[in-house]
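Worksheet: one structure, shown below.
The values are calculated or read from the model by the stated rules, or taken from the named source; none is laboratory data. Remember, predicted model here, so these are calculated numbers, not experimental data. Because the Cβ atoms are built from the backbone with ideal geometry, glycine has one as well, and the counts that use them run over all protein chains shown.
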Amino acid sequence: MIYSIEGKLIRRMPMEVFVEVGGICYMLSVPLSTSSALPEEGSQIRLFTIMMIREENPELYGFATEKEWKIFQKMILLPGVGPKLALRILSRLSPDEILSAVVSGDVEFLKKTPGIGKKTAERLVLELKDHLKGMEPIIEDVSGNFVSEAIEALTVLGYRRNDAQQIVRRTASEIGKKPESLESFLREILKRV
C-alpha cells in the first residue's frame with residue numbers, strides 16, 4: 001500500500017493533480033477540497049494516497065488531509081459507493097460536515113450532494129456511523145445548524161470552500177455560544193474577515 005506521496009506539483013486540475021517524484025510523474029484523482037488546498041504549481045507537496053486496481057488499471061487517489069483519506073477509505077467499503085461517488089462527496093462536503101451529518105443522522109444534508117439519493121444517504125448514515133467511531137468533527141455545536149449554511153453563503157460570496165470552512169470554524173469557536181439566527185452568525189463571520 002502507498003500511504004503518501006511527496007514531490008513537485010507539476011499540474012493541478014479540479015479533480016486531478018500530477019506529482020513528480022524521482023523523475024516519475026504520478027497522476028492522482030483528488031477531491032476539489034484537496035485541489036483547492038494545494039499551493040502553486042512547482043511547489044513541493046505531500047498527499048495521503050490510496051491505490052486501487054480496477055479492471056486491471058491502477059488508479060491513485062490523493063488527499064490533502066489524513067481525515068479526508070480515512071473517510072474516503074471507509075466510504076468505498078460501502079456497497080454502492082465507489083471511488084467516484086466518494087470523491088464527489090468529499091468535493092462537496094468537508095470531512096467535518098460528513099462526520100456531523102453521520103453522527104446526527106442528517107440524511108437531508110447528505111442528499112444535497114449530486115448523485116446521492118435518499119437510500120444512499122441513509123446507507124451512509126447507518127453504515128458509516130460504526131466505521132467512523134473515534135473520529136469527531138472539529139466544528140463545535142455552538143453554531144447549531146448554521147454551519148453548513150454559513151459555509152455555503154461564503155462560497156457564494158466567492159470564498160474557496162476550505163477558506164470558508166476555516167473562517168466559520170474559527171468564528172464558531174470565538175463566539176462560544178449558539179447564535180440566535182443564521183443572519184446574526186453571518187454578521188459575526190463578516191466582522192472577522
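Restricting segment 1-44 to residues that are in contact with a Pro (Cβ under 8 Å, 6 or more places away or on another chain) and modelled with pLDDT of 95 or more, which is farthest from ARG88 (Cα to Cα)? Don't jump to the end; show me each part of the working.
First, the residues of segment 1-44 that are in contact with a Pro (Cβ under 8 Å, 6 or more places away or on another chain): 9, 15, 29, 32, 35.
Next cut, modelled with pLDDT of 95 or more only: 9, 29.
Values: LEU9: 22, SER29: 11 Å.
This residue is LEU9.
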- Query: Which is within 21 Å of LEU182 (Cα to Cα) and modelled with pLDDT of 80 or more, of GLU122, GLU97, GLU140?
  - Reply: GLU97
